[in-house]
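Novice: This is the structure I want to talk about, given as structure tokens.
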Amino acid sequence: MAVFKNSVALDSDRCMGCINCIKRCPTQAIRVRNGKAHIIQPFCIDCGECIRVCPHHAKLATYDPLEVMEQFKYKIALPAPSFYGQFNHLDDTNIVLSALLKMGFDDVYEVSAAAELVSELSRKYIEAHKDQCPFISTACPSVMKLIRVRFPNLIEHMLPMKAPIEIAAAKAREKAVKETGLKPEEIGVIFLTPCPAKVTAIHYPLTSEFTNIDAAVAIREVYTRILPFMKEVQDSPEELSHSGKIGISWGASGGEATGLLTDSYLAADGIENVIKVLEDLEDQKFADLDFIELNACSGGCVGGVLQVENPYVAKAKLKRLRRYMPVAKSRLENEPVADAMWENEIEYQPVFDLGSDFMDSFEKMEKVEQILKKLPSLDCGSCGAPTCRALAEDVVRGVASEKDCIHLLREYIHKISTDLQGI
């Protein structure tokens with residue numbers, strides 16, 4: 001039995017029962033019942049769309065507080081590539097890395113450096129497995145969860161490579177153990193995350209039993225605290241950076257794909273566009289491609305809800321920052337990676353199935369169609385479900401009533417009134 005955990009939560013006190021979230025959720029994971037929104041955990045992929053559109057700020061992303069670093073003797077920061085896109089007029093990533101040390105971290109390891117290693121590994125893997133192309137990027141946890149629950153036929157096309165954050169964490173901890181002599185558990189590896197999906201991926205990994213990352217702190221929590229330290233070190237930062245254009249480019253849409261040094265790719269961002277690409281891929285419309293990069297957030301990781309800058313402004317900042325960088329600084333010949341592949345295979349989770357087996361599902365689908373004939377097909381959301389079909393499925397699941405539809409309820413009340421008048 002799969003355990004479903006999420007890093008998107010609801011503040012019931014703030015929720016006003018509006019239907020903005022249910023209309024924008026790409027997996028129909030939200031219902032409004034009794035005046036409050038409710039998140040169906042197995043359906044949720046942590047994309048953060050509900051956080052973006054909620055006018056009452058009732059949807060929240062959960063993550064670790066920055067103070068978690070005090071639990072460890074030795075603290076290592078893993079800044080995401082998109083982190084650099086949050087700052088104005090940044091011309092040297094060493095300023096950010098040096099400021100993190102001033103904040104209290106004992107060491108830093110760029111996820112962008114690990115991304116360059118993953119790019120090189122991916123190039124070799126794809127070249128050796130051309131018969132399985134196109135491969136789908138697995139760097140975005142929301143996309144991975146989406147494929148897992150909705151596109152089972154595409155699981156075999158997922159690139160079975162660990163994400164750069166895992167490679168970075170393993171290398172950072174190994175380096176710290178050698179240099180300090182501390183026990184691994186005394187070393188805290190803390191990822192500065194752009195989105196809630198990566199928080200879930202860290203605390204509840206899909207493809208391994210263990211993660212080297214101890215905590216995930218929101219970039220927006222670090223942003224305001226790091227600014228004074230950046231001013232302090234801007235004239236003489238330490239030389240700490242180990243990434244170039246390829247690694248930094250991972251922070252925005254298209255960056256991972258261009259790191260493969262091939263023109264045979266497609267890059268899409270924004271969850272609705274991602275779903276369209278996956279549907280087309282299921283229909284075998286992209287047979288000639290080697291690689292498909294998909295990011296749930298608009299603009300790529302720069303669009304994560306745990307950041308502060310407009311995603312397209314941040315993307316432009318990354319482009320300007322990498323202008324005079326070398327192509328790459330981290331290479332496998334200097335930093336070999338021992339365990340880069342998944343330890344566990346991704347398995348299809350039929351969370352949207354109505355029945356326990358094929359016959360049961362078939363019978364319940366017939367009931368759904370019968371209920372749909374009664375509903376007005378307006379998809380107004382007034383019932384608390386995003387569409388009439390979603391309401392019909394909820395009725396069959398036993399978690400809703402046909403009378404939740406205000407149109408059917410009005411007809412029912414009118415019928416009762418007529419009957420009473422005839423008595």
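Novice: Within segment 122-180, which residues are touching a residue at least 60 places away in the same chain (Cβ under 8 Å) and of a type in the set (Gly, Ala, Ser)?
Specialist: 122, 137, 139, 142, 168, 169, 170, 172, 176, listed by residue number.
Novice: In segment 116-137, which residues are in a helix (DSSP H, G or I) and small (Gly, Ala, Ser)?
Specialist: Within segment 116-137, the first condition is being in a helix (DSSP H, G or I), and the residues that meet it are 116-128, 130-132.
119, 122, 128 - these are the residues of segment 116-137 that are in a helix (DSSP H, G or I) and small (Gly, Ala, Ser).
Novice: Just for segment 360-384: of the residues that are closer than 25 Å to residue 35 by Cα and not hydrophobic (A, V, I, L, M, F, W, C), which one is surrounded by the fewest Cβ atoms within 10 Å (Cβ to Cβ)?
Specialist: 377
Novice: Here is a further query. Give just the number: which of (1) touching a residue at least 60 places away in the same chain (Cβ under 8 Å); (2) within 24 Å of the chain's Cα centre (by Cα); (3) more than 16 Å from residue 141 (Cβ to Cβ) does residue 216 not satisfy?
Specialist: It fails just one condition, (3).
Novice: Can you name every residue in segment 164-201 that is small (Gly, Ala, Ser), buried (at least 24 other Cβ atoms within 10 Å of the Cβ) and more than 19 Å from residue 113 (Cβ to Cβ)?
Specialist: 197, 201
Novice: Name the single residue that is nearest to residue 127 (Cα to Cα) among those in segment 280-302 being of a type in the set (Asp, Glu) and touching a residue at least 12 places away in the same chain (Cβ under 8 Å).
Specialist: Within segment 280-302, the subset of a type in the set (Asp, Glu) is 280, 282-283, 288, 290, 293.
Those left that are additionally touching a residue at least 12 places away in the same chain (Cβ under 8 Å): 282, 288, 290, 293.
Values: 282: 22, 288: 14, 290: 9, 293: 17 Å.
That would be 290.
Novice: Also: Which residues, taken from segment 372-410, are over 14 Å from residue 352 (Cβ atoms), assigned to a helix (DSSP H, G or I) and of a type in the set (A, V, I, L, M, F, W, C)?
Specialist: Answer for segment 372-410, where residues must be over 14 Å from residue 352 (Cβ atoms), assigned to a helix (DSSP H, G or I) and of a type in the set (A, V, I, L, M, F, W, C): 372, 388, 391, 395, 406, 408, 409.
Novice: Continuing with this model, one more query. Of all helices (runs of 4 or more DSSP H) completely enclosed by segment 208-309, which ones contain at least 2 residues that are surrounded by fewer than 23 Cβ atoms within 10 Å (Cβ to Cβ) and in the same structural domain as residue 164 (by TED's automatic domain parsing)?
Specialist: So the answer is 219-233.
Novice: Would you be able to tell me the number of residues in segment 337-354 that are more than 30 Å from residue 163 (Cβ to Cβ) and surrounded by fewer than 11 Cβ atoms within 10 Å (Cβ to Cβ)? Show your work before the answer.
Specialist: Initial filter on segment 337-354 (more than 30 Å from residue 163 (Cβ to Cβ)): 354.
Applying the additional criterion that residues be surrounded by fewer than 11 Cβ atoms within 10 Å (Cβ to Cβ) yields none.
Result for segment 337-354: 0.
Novice: Please go through segment 84-114 and pick out each residue that is assigned to a helix (DSSP H, G or I) and in contact with a Phe, Trp or Tyr (Cβ under 7 Å, 6 or more places away or on another chain).
Specialist: Listed by number, the residues that qualify are 86, 93, 96, 99, 102, 103, 112.
Novice: Suppose we keep only residues that are hydrophobic (A, V, I, L, M, F, W, C) and assigned to a helix (DSSP H, G or I) within segment 152-163. Which one would you say is surrounded by the most Cβ atoms within 10 Å (Cβ to Cβ)?
Specialist: Looking at residues that are hydrophobic (A, V, I, L, M, F, W, C) and assigned to a helix (DSSP H, G or I), I get 154.
Novice: Could you figure out which of (1) in a helix (DSSP H, G or I); (2) over 19 Å from residue 51 (Cα atoms); (3) among the hydroxyl-bearing types (Ser, Thr, Tyr) isn't true of residue 312?
Specialist: If we test residue 312 against (1) in a helix (DSSP H, G or I); (2) over 19 Å from residue 51 (Cα atoms); (3) among the hydroxyl-bearing types (Ser, Thr, Tyr), just (2) comes out false.
Novice: Kindly indicate the residue of segment 55-83 that is crowded, with 17+ Cβ neighbours inside 10 Å and assigned to a helix (DSSP H, G or I) and also farthest from the chain's Cα centre (by Cα) among those meeting that condition.
Specialist: 69
Novice: Restricting attention to segment 28-63, which residues are of a type in the set (Val, Ile, Thr) and in contact with a Gly (Cβ under 8 Å, 6 or more places away or on another chain)? Outline the logic, then answer.
Specialist: Of segment 28-63, the ones of a type in the set (Val, Ile, Thr) are 30, 32, 39-40, 45, 51, 53, 62.
Matches in segment 28-63: 32 only.
Novice: Another one. Would you say residue 357 is acidic (Asp, Glu), surrounded by fewer than 20 Cβ atoms within 10 Å (Cβ to Cβ), at pLDDT 95 or above and at negative phi? Outline the logic, then answer.
Specialist: Details: acidic (Asp, Glu): yes; surrounded by fewer than 20 Cβ atoms within 10 Å (Cβ to Cβ): yes; at pLDDT 95 or above: no; at negative phi: yes.
For residue 357, the condition - acidic (Asp, Glu), surrounded by fewer than 20 Cβ atoms within 10 Å (Cβ to Cβ), at pLDDT 95 or above and at negative phi - is not met.
Novice: Yes or no: segment 12-28 includes at least one residue that is acidic (Asp, Glu) and in the same structural domain as residue 173 (by TED's automatic domain parsing). It would help to see each step written out before you state the result.
Specialist: Initial filter on segment 12-28 (acidic (Asp, Glu)): 13.
When the remaining residues are screened for being in the same structural domain as residue 173 (by TED's automatic domain parsing), the result is none.
The answer is no; no qualifying residue exists.
The values are calculated or read from the model by the stated rules, or taken from the named source; none is laboratory data. Bear in mind the structure is a predicted one, so any value in this text is a computation, not a measurement. Cβ atoms come from the backbone with ideal geometry, glycine included; neighbour counts cover every protein chain shown.
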